[in-house]
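The next block holds one structure in the form of structure tokens; read it before the comments.
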Amino acid sequence: MDSVNASATPTIVDHEQVERALFPGPEEKHQHHRLVGFDPDDPANPFNWSPAYRWYLTLLGGLLVLNATFASSAPSGIITDLIEHFNLSLEVATLTISLFVAGYCVGPLLWGPLSEQYGRRPIFIVTFIVYTGFQVGCALSQNTASIIIFRLLGGIFAAAPLTNSGALISDIWDAGTRGKALAVFTLAPFAGPCLGPVVGGYIDTSGASWRWLFWVLTLFAGFCAVLIIFTLPETYAPIILVSKAKAIRIRTGDDGYYAPLEVEEKKTIFKQTEDIVARPFKILFQEPMLIAITTYMSYLAVYNPRYERLVEQYRPNKVPPEQRLDIAIIAAPVFAIGFFWFGWTSYPSISFWAPMMSGVFIGLSVVFIFLAMFNYIIDAYLFVAASALASNTVVRSSAGAAFPLFATQMYDALNPRWASTLIGCVAVVLIPIPLVLRRYGAKLRERSKHAPSLPMQQKETEDQLSSKAYPEVESLGIRYHVGYNGRERYLESSTRSLFLSHLSFLPTGPGRRGEDYFCRLRFLDVSNTCSCKVFLKPGDWSKVNQPELVLQRFASRRSQVYGTKGVVASSQPLATEVGLEILRKGGNAADAAIATSAALNVTEPSCCGIGGDAFCLFYDAKTKEVKALNGSGHSPQKLTLEYVRSRGILGRSIPASDLNCVTVPGAAAAWVDTVEQLGSGSLTVAEVLAPAIRLAEEGVPVSEIHGYAWQRSETLLKNASPDGDAMLLNGKAPLPGQIMKFPDLAKTFRSVAEYGKDGFYKGRVAEAIVELIQNKGGVMELADLAKHETTFVEPISYTYGGEVTVFECPPNGQGITALLALGIIDNIQELGITNSILDMDHNSSEYLHLLVESLRLAFSDSQYYVADPEFKHIPVEELLRKEYLSSRAKLFNPQKTNPEVVHGNPANSSDTVYFSVTDQWGNACSYIQSNYAGFGTGGKHSRSENELGTTLITNPAAIPKGCGFTLQNRGSGFVLEEGHPNQLMGGKRPYHTIIPAMALRGDDLFLSYGVMGGFMQPQGHVQVLLNMLRGFTAQASLDAPRFCISAGSPDSEVKGSAEKAGDINSEVYFEEGISEETVTKLREMGHDARIVKGFQRGMMGRGQVIQKIVDTSGRTVWAAGSDPRADGYAAAQI
């Protein structure tokens, strides 16, 4: 059984009494039933089938309709031959067309309801085999009676797809995606009547016998029958559940499992026949809205782009069916105008182009109205959609069969002007139908006996019910459980489960503990209804299971984490646990860091991955040295500034939409080299990657804040080429708590585990990367990947206040920015320009002004000079000399901001993951990896506003086929300017934002820390370090409100972030928690100060800190904190 919340078990007493009150009659057969439903990821559920397979079935359904409508009109091309061969009048010959269409008036009465009783597949098989036989009969007919009878019978059996193909589409597509499928499908009923006369006319003019037309129809029908038999599965959910229940009964030997259809009371053959035949008529004549739609569509013979936006707007609820009608409201007057246009331009003196162009508007309006109404019927009638479509088809076909019998005579008698005017006048009369349904459709559905809807004026609407469980229904003082399986609502007790096609609640007055409702309950058999009064107590389980995403609902606190062995601090709890698992197996900090890194690729793929880069600082407790690893990749060798300009790129950077922004991913090599060069030696790369592979294959629940980031990137991933589904759950971004599996990513990890670096930079993975990039106009080649190597470099450092030495990776990373800022702050204090920063109130206007201005000066230098040192000398020593830092410090004005900061001349004077690991031997690994913006490629430049006012990434992500990861867009860090130190060149590393940090006191480790988040990172390093030096705990240092100059990262949730990220002369954002008074003073000092709240606080980065403390006993104690702006925590090894 699949309910909304299976854990919400009600207290149930005397269920038989309740059932007798609700459903009188013998119930003995159904005692101890357990209702079988679909599991969330059940492969038997048609909604979970692959998009490609569902599109095939959609096209197959369209082909079957095309077959039927093609056969209806094809004889019009051989009418003359039939008249001559059988000596017929024109009216009798026309019956070969009219009677076939008349068969559509009979067939739908059978095939629609029968498909709801026995399934779509058997009805399709039987009807198409018989239909094929009747085509043979037409081809062999020897007299007028036989061909007319065979055409009538053929039409009856050909009618099956006219109702059931539409129902098939509703079986496999949800309301949000059904519009596109129906837009493609709807081509069939219009293409068939156009194609038929063409083929028939060709056979007539070619001199072939008229019988060849029916042999062509036989072959076409036979071909479709073969496709149905071998490729069309059962798609109707209740029938699939019957098969599932039977399989469970066989497998378990327990006869208590039943599908909803099996629970229904058995009926006599007469009763079943009555229900099947009568159901379409009951629906038609009892439903005013269906009568109106059918009348309009009969006279006529959408995919509505706005609807997809409405799906997002109404999510997680359903969009009301009336929203489908907007395009019909527009098309209705156009349809009428088209006929007036045609009629009154049909003069010999007027060019034939005039009436011809009217046909364009008539045709388009017919398509739009037909599609809108077709969608509306399916949305409104759901599980009885086939019967509703059947009644619609019967009436439309009646008109279609009759019209050819008098159309010619009408146009001859009235002439084209007045005949078209008559049709136009009738069309005018019908214009109000979609308008009235748009306005009053919801109220009509309330009163419907067949449309599963609820009173729209009540708090509990159908849309809300679809996402709620109502665990307690009280009747006669007895509580009763109401379940929901994603399709239908049902009552459940220990004795039986009653599957309902419809459960609506009409208020009758206040109750003792809530509201008293009139409850109308109905089986799938819509003719079996009963009513009773119940007391209903709603429980909103959707909010319980998936609460509204809020960054920080209440002020919270975390305690600092202490441990005496290893500690892991990361932004994902499962990744932290993976690091601890490796520490427990005897791995050191470097081994655990790589295991954590790989696990973060699984648990937080929007921020990092094997398709990105990595940097590392490692403190070796034996030698007391800090070692640095640069795991960033180079640009393709053939990528030049001239080539980029030739592609029409005129700005200062490569747009993220151009895959030439992809540099060689360095993370895979960094992982292998870290384990082999810095690891314990007791674990192999395969052993280190094993936990992440396990997570990827078994699946991980999506975390809260990362789930929000995933939702923001849904459009990006849907457009991903060619493998976007690797990052989506059933075509959508997963919600927090939903389980995501990454089988392709697991294969990529296994390749690295088995073959080392060659498993990524050569072979299948490398070929997929190159194929994707080159297909999008990129120039990366296999040789670029094959020659990539990690670089072990000498870290750079600055000793702040004469006591704490801060280490950063050297350029091409921006770590020097933090050192420059600390040096400038140091010198400002030494020069007496301000008091000691530790004497200032924390986050006061004086304190923040000093930090902001120092960082702006530091950025002005780093953004100009930082580049690949293999291509350009970087004056690191000169930049960090005291004389130069002092000269920069003198530019600081304690009273106001410097309006325009520029770089000096030293020669003359959150889309990253950071984590930290320490081990029991005293080693520490400060590690950072990133995709750059969001999911990497596609996450920077092209943006749009959503309904909440936040910016959404719209460029497609790049996911190599079958690999399960996105490619980074670090090449956007190059400057497209001749002569600039960071100018784009082939085989060069770009300016890099990701930087790990360490701080030592003397040669002893003090901090292993870092703050992720684009250009926020050096700003975070400075702010967190100074917080620690004020005496804050590691956790409090991360909890404290921060500031960020510019937007921090290109995909921050502020307008203009893509363009302004890293702009030191732009606005400064201050996090909520910094007082309004302070922000006002900063504005008075000249800062463009702005406050950010909620998820916009993500621009402040997400840090991790591990501090080394020596206990009085002489033992090492690790103290750790994890940023509250992320989902993770710090945890200690035992």
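Just the number: Rg to Rh for region 48-126, Cα atoms, Kirkwood Rh, two decimals. The partial results should precede the final answer.
Values: Rg = 17.3 Å, Rh = 15.1 Å.
When Rh is taken as the Kirkwood radius, the ratio is 1.14.
How many percent of Cα pairs in region 786-894 exceed 23 Å?
Of the Cα pairs, 30 percent sit more than 23 Å apart.
Return the Rg/Rh ratio of region 106-226 with Cα-based radii and a Kirkwood Rh.
Reported Rg/Rh (Cα atoms, Kirkwood Rh): 1.02.
What is the Cα centroid distance between region 962-992 and region 638-664, reported in whole angstrom?
After rounding, the separation between the Cα centres reads 9 Å.
For region 192-267, which trypsin sites (Lys or Arg not before Pro) are in a loop by DSSP, counting at most 14 other Cβ atoms within 10 Å?
Filter output for region 192-267: 266, 267.
Pop out the ³J(HN,Hα) list for region 319-324 in order, Karplus 6.51 cos²θ - 1.76 cosθ + 1.60 with θ = phi - 60°, rounded to Hz; leave Gly and Pro as x.
Those phi angles translate into 7, x, x, 4, 5, 5 Hz.
Near residue 864, within a Cβ-to-Cβ distance under 12 Å, what is the net charge of the other residues, with Lys and Arg +1 and Asp and Glu -1?
-1
Rank by packing, highest mean first: peptides 562-570, 85-93, with packing defined as the count of other Cβ atoms within 10 Å averaged across residues.
Details: 562-570: 25.4, 85-93: 14.4.
Sorting 562-570, 85-93 by mean packing, highest first, produces 562-570, 85-93.
Which net charge results when you count Lys and Arg as +1 and Asp and Glu as -1 among the other residues whose beta-carbon is under 11 Å from that of residue 886?
Net of charged neighbours comes to +1.
Say each of residue 718 and residue 789 gets a label point 7 Å from the Cα, pointing the same way as Cα to Cβ; how far apart are those two points in nm?
About 4.6 nm separates the two model spin labels.
Out of all Cα-Cα pairs in region 616-759, roughly what percent, to the nearest whole number, are more than 22 Å apart?
Considering region 616-759, 60 percent of its Cα-Cα pairs are separated by more than 22 Å.
Report, in listed order, any pair from 732/1108; 718/1093; 627/1081; 244/741; 718/872 with a Cα-Cα distance greater than 32 Å.
Working: 732/1108 44 Å; 718/1093 29 Å; 627/1081 43 Å; 244/741 24 Å; 718/872 40 Å.
Distance filter (> 32 Å) returns 732/1108; 627/1081; 718/872.
If you take the Cα atoms of region 691-836, find Rg, then find the Kirkwood Rh from the mean of 1/r over all pairs, what is Rg/Rh?
Ratio of gyration radius to Kirkwood radius for region 691-836: 1.14.
If you average over every viewing direction, what projected area does the convex hull of the Cα atoms of region 33-264 give, in nm²? Mind dumping the intermediate values first?
Details: hull surface 56.0 nm².
Averaged projected hull area, Cα only: 14.0 nm².
Structure shown: which of 585/961; 624/762; 624/988; 565/624 lie over 29 Å apart, alpha-carbon to alpha-carbon?
Cα-Cα > 29 Å for 585/961; 624/762; 624/988; rest within.
Taking N as the number of residues in region 323-372, what is its Cα Rg relative to 2.2 N^0.38 Å?
1.27
Read the figures in this text as sums done on the coordinates, not as results from a lab. If you're wondering where the values come from, they're calculated on a predicted model, not measured in any experiment. Methodologically, a virtual Cβ is constructed for each residue, glycine included, from the backbone with ideal geometry; neighbour enumeration extends over all protein chains shown.
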